[in-house]
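The values are calculated or read from the model by the stated rules, or taken from the named source; none is laboratory data. Computed from a predicted structure; not experimentally measured. As a convention, Cβ positions derive from the backbone with ideal geometry for all residues, glycine included, and neighbour counts pool all protein chains shown.
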Amino acid sequence: MPTVAQSIHQWRAAFAAAGVDSPRLTIELLLAHVTGLDRGALIGMGNHELTPAQSAQLQALCARRAAREPLAYLLGHWDFYGRRFAVKPGVLIPRPETEAVIDLARKLLPPGAQGWAADAGCGSGALAVTLALEFPHLRVVATDLHPTPLQVTAENARALGVSSRLALVRMDALTGLKPAALFDLMVSNPPYVTPQDYPTLQPEVRDFEPQEALVGGQSGLIIPETIVHQAAARLKPGGWLILEHGMEQGAALRQAATSAGYKDIRTEKDFAGLDRILVAQA
């Protein structure tokens, strides 16, 4: 059977040849997943032989990763805001830039905020569940049009202990919510990629993550603009909308927010300094 060191050497080279990002980190994470050992513990176990079952499982997972299947789907989880979230095919994998939505919510709402928040298009539940965790008195409605995201969000809510304050509703964006001033906060990471840009995405994204969670209509703005207008009719006076968007969509969404009657409208940048998030107050 191959040793830990042999496996690292073999698959680091194979991943690099396949164009996989961070090939050494990738094989170490997969080895830790297969063996059940902490990644740090593997460093001193180069001569440790894998069992036949571990070797077979590792070979299968590494072949899938070399074919550019996302690492998060292979592991079955991904981290967001310092917490582990279950993920699987059919839900968008949480991105680091989306954590800025939570950072902004923490700046805009007091820690003891009560009332209701909503997450339009919940995916894995990263935003909805994290809001419930960061604001222990806030109740959150998580919506999605597809069943898999709602199932995964429910699983993450249970695992992280916030099921009692999370309501899951199958609907298109915010369509099924009564257009009344009920919410203190609305967040969303909606589909905003254009059909023209979609073929240029990394294979991990284009070929494996759900297209419906990525492409936002012909201009990439149809769904984000819809959510801007839907949220305006459902936020309390003074309530906030925080919406992630594409780096060239800030001006169009500020205009949409202006036409919808928001105030204090601005675009926030992500960690890379790119326009990324619309913030607007009802």
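Scanning the stretch 162-194 for residues that are surrounded by 16 or more Cβ atoms within 10 Å (Cβ to Cβ) and outside any loop (DSSP other than H, G, I, E, B) turns up Ser163, Arg165, Leu166, Leu168, Phe183, Asp184, Leu185, Met186, Val187, Ser188, Val193. Where strands (runs of 3 or more DSSP E) fall entirely within the stretch 81-161, those with at least 3 residues that are assigned by TED's automatic domain parsing to the domain that holds Ala272 and among the hydrophobic types (A, V, I, L, M, F, W, C) are at 116-120, 139-144.
Regarding the stretch 40-56, can at least one residue be identified that is touching a helix residue (DSSP H, G or I) at 6+ places or on another chain (Cβ under 6 Å), surrounded by 15 or more Cβ atoms within 10 Å (Cβ to Cβ), part of a helix (DSSP H, G or I) and modelled with pLDDT of 95 or more? The answer is yes, given that some residue of the stretch 40-56 is touching a helix residue (DSSP H, G or I) at 6+ places or on another chain (Cβ under 6 Å), surrounded by 15 or more Cβ atoms within 10 Å (Cβ to Cβ), part of a helix (DSSP H, G or I) and modelled with pLDDT of 95 or more. State whether the residues of the stretch 250-264 include one that is surrounded by 19 or more Cβ atoms within 10 Å (Cβ to Cβ), assigned to a helix (DSSP H, G or I) and either hydroxyl-bearing (Ser, Thr, Tyr) or in contact with a Ser or Thr (Cβ under 6 Å, 6 or more places away or on another chain) (or both). Yes; the residues of the stretch 250-264 include at least one that is surrounded by 19 or more Cβ atoms within 10 Å (Cβ to Cβ), assigned to a helix (DSSP H, G or I) and either hydroxyl-bearing (Ser, Thr, Tyr) or in contact with a Ser or Thr (Cβ under 6 Å, 6 or more places away or on another chain) (or both). Every condition in (1) under 28 Å from Leu138 (Cβ atoms); (2) at pLDDT below 95; (3) surrounded by fewer than 17 Cβ atoms within 10 Å (Cβ to Cβ); (4) not charged (D, E, K, R) is met by Gly216 except one, and the failing one is (3). Screening Asp103, Asp79 for residues that are out of contact with any strand residue (DSSP E or B) (no Cβ under 8 Å at 6 or more places or on another chain), at pLDDT 95 or above and either at negative phi or surrounded by 17 or more Cβ atoms within 10 Å (Cβ to Cβ) (or both) leaves exactly one candidate, Asp103.
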